[in-house]
Amino acid sequence: MILDASNNVRCQLLTLLKTLPKEYVEMHVPKLMLYITSAMTHLAPGIRGDSTKYLTWLLTINKDSVLRNGGWAKGLRGLIGVLGWGTAKDNGCISGDGSGGAAAKGKIRMQHMGALREFLRAGLFPDHVMSPLGYNEANDGLWEFGFPHWTTHLHMLPDRPGQSNAFSYLSLFSMAQSNHGESAGVEDLEARKRWLVEGLGKDVLGSLRLGLEGVRKEGGEMGRLGARIAVMLEDTLNTEGKGE
């Protein structure tokens, strides 16, 4: 129903999904992500327009599962598509997405930009940044580590299903064929950064930079949001001023 032609069906579906407990939805995140990325490339503008509503919601369920199994690469390429941004070689923005008048298109673009911001935050920022001095709250799960071992959490084994498959792309324990393509090995924060800066996602990074620069030049609320996302992107990648 994410791909249903009826706007009312898609709207009611999202309302229903938001009422479900997170633990009921988590196991279905990979399949939901498959349909969301499919919606991003759908021929119908309305379905493309609603796709980022589902993506934003899904990020509140389990960010890690959204980004795994190719979700990082497919999600970014899908967001570039719905925003109407060309690749770097196309010299940046092509057009916005959506249907209806200028006001409707502007609202949909703002929605897409918000989804891009949340997706980049999920993929490029750690869930928990520990204090350099190890001063943490008693309820944050890291209290017992404390100073001087304030990076202990970075070396711990995952404690949730779906986080322990960092080497799944090697197909060590299955008969699956190596068909992950550009998503192979993009399973953690540093790998996602490398994919953007020096891997198969370099064209995506170029599109993001050109697209955000075009949005920034528009000014207004949209321009300010684009500028904030651009600064966030460059700061977290620490690639500003470096050659591609």
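FYI, it's all coordinate maths here, none of it is from the lab. From a predicted model like this one, the values you see are computed outputs, not experimental measurements. FYI the Cβ positions are ideal-geometry reconstructions off the backbone, even for glycines, and counts take in every protein chain you see.
For this structure, a couple of remarks:
- Cross-link partners for LYS31 among the lysines, with Cα-Cα distance under 30 Å and sequence neighbours closer than 8 places in the same chain left out: LYS18, LYS22, LYS53, LYS63, LYS74, LYS105, LYS107, LYS193, LYS202.
- Full extension of the chain between GLU118 and ASN7 yields a length gain of 37.6 nm, computed as 0.36 nm times the residue separation minus the alpha carbon distance.
- Charged side chains reduced to their Cβ positions (Lys and Arg at +1, Asp and Glu at -1) give the stretch 9-63 a dipole of some 100 debye around its Cα centre.
- Sorting the segments 35-46, 4-15, 69-80 by their mean number of nearby beta carbons within 10 angstrom, highest to lowest, gives 69-80, 35-46, 4-15.
- Separation of the stretch 205-225 from the stretch 23-42 is 27 Å, based on Cα centroids.
- Here r is the Cβ-Cβ distance between TRP57 and ASP235 and R0 is 25 Å; the resulting FRET efficiency, rounded to 0.05, is 0.40.
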